[in-house]
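Down below is the structure, laid out as structure tokens.
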């Protein structure tokens with residue numbers, strides 16, 4: 001008799017479990033995210049981000065640090081808060097780019113910085129110490145170039161240069177001022 005009761009109990013329990021499972025499946029409707037929402041709703045986020053990107057030889061080519069990063073599926077876009085980008089190059093001193101906000105498109109193919117952008121390059125044998133301030137800047141990490149069409153202020157030892165627009169080759173250290181450039185000699189104190 002107990003053997004028969006056990007089998008009946010197991011069948012009843014399995015039936016109840018199957019009923020609950022099918023009820024759950026019939027009421028579950030996965031949410032489909034529209035293309036419009038993909039640009040508004042992040043699919044992932046990270047805090048205290050530090051990413052080191054290596055070149056083909058295993059040497060650092062770039063480092064990104066940010067207290068917060070949100071990723072969006074559309075265009076493989078990432079928004080960064082208070083980003084700090086380090087671009088390593090052939091010379092001993094890297095370039096540093098900081099701002100309040102940045103947007104990386106298609107991975108790290110193009111990074112747009114805005115709101116208090118500061119570019120710094122410590123002195124090395126071929127280039128003087130340089131600080132560039134601008135409201136916006138676009139960096140192409142793979143090409144190691146940066147550009148803006150906004151106003152810039154470039155500070156080097158003994159000189160302050162203002163210009164509208166700039167193109168910088170971060171690998172060679174060449175900075176091309178695009179228009180309305182004027183400088184001011186500032187003797188060291």
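Give the calculated FRET efficiency between residue 57 and residue 101 to the nearest 0.05, with a Förster radius of 30 Å applied to their Cβ-Cβ distance.
Values: r = 32 Å, r/R0 = 1.08.
Computed FRET efficiency for residue 57 and residue 101: 0.40.
Fewest to most neighbouring Cβ within 10 Å: what's the order for 130, 6?
Details: 130 19, 6 10.
Listing 130, 6 from fewest to most nearby Cβ atoms yields 6, 130.
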*Using the 10 angstrom Cβ neighbour count as an exposure proxy, how do 113, 72, 45 rank, fewest first?*
45, 72, 113
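So, R0 is 25 Å and r is the distance between the beta-carbons of residue 76 and residue 172; what FRET efficiency does that work out to, to 0.05?
Details: r = 29 Å, r/R0 = 1.17.
After rounding to 0.05, the efficiency reads 0.30.
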*Efficiency by 1/(1 + (r/R0)^6): what FRET value for residue 43 and residue 160, r their Cβ-Cβ distance, R0 = 41 Å, to the nearest 0.05?*
0.40
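For segment 61-189, what's the relative contact order in percent, using C-alpha pairs closer than 8 Å and at least 6 residues apart?
Details: 333 pairs, mean separation 19.6, N = 129.
It comes to 15 percent, rounded to a whole number.
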*Fewest to most neighbouring Cβ within 10 Å: what's the order for 114, 182, 95?*
182, 114, 95
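Bear in mind these aren't lab numbers, they're just calculated from the coordinates by the rules spelled out. Values in this document were obtained by computation on a predicted structure and should not be read as measured data. Positions of Cβ are backbone-derived with ideal geometry, glycine not excepted, and every protein chain shown enters the neighbour counts.
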